[in-house]
Amino acid sequence: MSAGAQPMLEARGLTRRFHGLYAVNDVSFTLQPGEILGLIGPNGAGKTTLINLISGTLFADQGELIFEDRRIERLHPYQRAHIGIGRTFQVMKPFPRLSVLENVTVGALFGFGGGERNRDKAREQARALLEFTGLDRRMDQNADQLGGPDRKRLELAKALAMRPKLLLLDEVMAGLNHVEVDEVVTIIKKIRDSGVTILVIEHVMRAIRSLSDRIIVLHHGEKIAEGLPDTVLADARVVEAYLGKRRA
Amino acid sequence: MVRAILLILAVVFLAAAPFFGDAVMIQYGIDALLFATLAQAWNILGGFTGYASFGNSAFYGLGTYGTAIAMAQLHLPFWVGLSLGAFLAVLCAVVIGLPILRLRGHYFAIATLGLSATLAAIISNLDISGRNIGLILPLTRNDVGFYEEALALLVASTLTVMWIAKSRFGMGLIAIREDEDAAQVMGINTTFYKVVALMLSAFFTAIAGGIHAYWITFIDPASAFDLSLNVRMVIMAMFGGPGTVLGPVVGSFILSAVYDALARSISTAAALLFGMVIVLAVIFMPRGLWDLGHGLRQVGWRYFLQNIRLHRL
């Protein structure tokens, strides 16, 4: 990343406790415009909590969040959506009784800048995104009729419809087969090439290695490593966090 | 287009009806139109946003008393009374809505339950509202006039719901009903949307209360803040189809007709009717008459369980 560039997002000492237990503990990092940052760590490491803190689904107990020069840690989730933060949910949250097209239209109607005011225009944008994510065949089905992989695509399409500057992806590849993972990796790269900055949580190592410009590793709520994918994945502490002991 | 023409014809037919019917028919008509308006008003929050309000009988009571106080105590014209009642109800919706619309699902429903009893207690202790004795409004023998006013109000509330169903605002309400957390991170100011929906609901409910008060000419706290009225709104909207434009209207017309027919022959059966309707509607047709229109093809335990999951009742 070029020196002196204005970060897209900067976290300083983010902390969130649940009943005395630190889910996220004093985590700091920066995210440069156009970057894909991988976020990994064992189960319960605090990855989803960190995304919740950035999207506003949870408030931080301590710490600062700066998005494009602006403090955002006290903003409501909808306000963060309006300034350009979009996310997917690991436990997917489709609008079950709305059609796939309507689901995505909601994102276009309310996302960045408050969204598109005109419902027909929003629907057109949604249609284009369904084509992009390969869901156009399922457009008129209700969201609760979709299978797992299509629900993942729907999560992605809904977040994209918000036209975010920063996209937070929480395990959009979990449960997908090899072919589907490759498809989603291609889609995410295309999204980045269109100018979107991305923070991605993923357990599929092959995917995270090929996607990420940098990786940060969380363990017990703390950041234990940060750097280039190959370096970080070879780091002794990271291996230990995942496997519990040093490999022979 | 065909639908619009049919709707206009239906309104013209309803508007012309009192000039051909007898006095009793007109009175049934006023009742049915006001009930349909109440169901439609409840539908704005309950049907589209998924928040079941039991506070609408409080808005109804405020509309009733606003009109009665203005006319009986202050000797102001009817329209000033309606405005006062509507103002009080909308104000109450904002003041009450901001804190309790943070509660979700049945917690919200329970929190609204006490509202009308509380307001009834306050009204019963104020001189201006005639304490627990009530108020008598100036007598006007113009049932056709009341009928047309009730019809106009029903049309206005239905046009509002029609707009909601097609608008960006309505999409926001529906998204909140379907998944509030997702709605929020997608950029919907959920608190604002819910409060506005409650305000609209309160507005139409209060006007209906005001028209009813002037028509019936005598009001007291018990009848103005009657919780069973709220239960009827819920049943009628649920039966017709919550979250649809015409469902609550059609549903309440049908139930009013059945209720009145039963009340004339076997009055105890009429009281049982609404209880049975709510049980059957929840189990077999959670989307109301829409389900019936699709032939109840999915009746059975699986559909029942699926409905419970989706509707979180």
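The values are calculated or read from the model by the stated rules, or taken from the named source; none is laboratory data. Not measured: the values here are computed from a predicted model. Don't worry about glycine lacking a Cβ; one is built from the backbone with ideal geometry, like all the others, and counts go over all protein chains shown.
Do we have any residue at all in the range A:192-210 that's of a type in the set (D, E, K, R) and within 14 Å of chain B (Cβ to nearest Cβ)?
Looking only at the range A:192-210, we keep the residues that are of a type in the set (D, E, K, R), and these are A:192-193, A:202, A:206, A:209.
Narrowing further to those that are within 14 Å of chain B (Cβ to nearest Cβ): none.
Checked against the condition, which is being of a type in the set (D, E, K, R) and within 14 Å of chain B (Cβ to nearest Cβ), the range A:192-210 yields no hits at all.
Would the range B:80-87 turn up any residue that is in contact (Cβ under 8 Å) with a residue 24 or more places away in the chain, within 22 Å of residue B:144 (Cα to Cα) and not β-branched (Val, Ile, Thr)? Yes: one or more hits. In the range B:97-104, is there at least one residue being within 14 Å of another protein chain (Cβ to nearest Cβ), among the aliphatic types (A, V, I, L, M) and buried (at least 22 other Cβ atoms within 10 Å of the Cβ)? No: zero hits. Within the bounds of the range B:131-153, is there any residue that is within 14 Å of another protein chain (Cβ to nearest Cβ), outside any helix (DSSP H, G or I) and free of Cβ contacts under 8 Å to residues at least 12 places away in the same chain? No, that holds for no residue. Each residue in the range A:85-144 was checked for being of a type in the set (Asp, Glu), facing chain B (nearest Cβ under 10 Å) and assigned to a loop (DSSP other than H, G, I, E, B), and 1 pass.
Restricting B:50, B:81, B:85, B:63 to those that are touching a Lys or Arg at 6+ places or on another chain (Cβ under 6 Å) and either part of a loop (DSSP other than H, G, I, E, B) or at pLDDT 95 or above (or both) reduces the list to B:50. In this structure, does residue A:63 turn out to be farther than 24 Å from residue A:156 by Cα, touching a residue at least 12 places away in the same chain (Cβ under 8 Å), more than 14 Å from chain B (Cβ to nearest Cβ) and assigned to a strand (DSSP E or B)? Answer is yes for this residue. Of A:28, A:55, all but one fail to be small (Gly, Ala, Ser), surrounded by fewer than 18 Cβ atoms within 10 Å (Cβ to Cβ) and modelled with pLDDT of 95 or more; the exception is A:28.
So, in the range A:207-232, exactly how many residues are part of a helix (DSSP H, G or I) and either out of contact with any helix residue (DSSP H, G or I) (no Cβ under 8 Å at 6 or more places or on another chain) or acidic (Asp, Glu) (or both)?
2
Take residue B:256 and tell me if it is free of Cβ contacts under 8 Å to residues at least 60 places away in the same chain, surrounded by fewer than 23 Cβ atoms within 10 Å (Cβ to Cβ) and away from every other protein chain (no Cβ under 14 Å). So residue B:256 fails the test.
Residues that are farther than 21 Å from residue B:91 by Cβ and either more than 8 Å from chain A (Cβ to nearest Cβ) or surrounded by fewer than 21 Cβ atoms within 10 Å (Cβ to Cβ) (or both) within the range B:180-213 comprise B:180, B:181, listed in sequence order. Residues that are more than 22 Å from residue A:190 (Cα to Cα) and within 23 Å of the chain's Cα centre (by Cα) within the range A:116-140 comprise just one, A:116. Screening the range B:268-288 for residues that are under 16 Å from residue B:248 (Cβ atoms) and assigned to a helix (DSSP H, G or I) and picking the one that is modelled with the lowest pLDDT gives B:282.
Here residue A:205 clears all of (1) at pLDDT below 95; (2) crowded, with 19+ Cβ neighbours inside 10 Å except the condition numbered (2). Annotation note: of B:223, B:256, B:201, the sole residue that is in a helix (DSSP H, G or I), under 22 Å from residue B:166 (Cβ atoms) and among the small types (Gly, Ala, Ser) is B:201.
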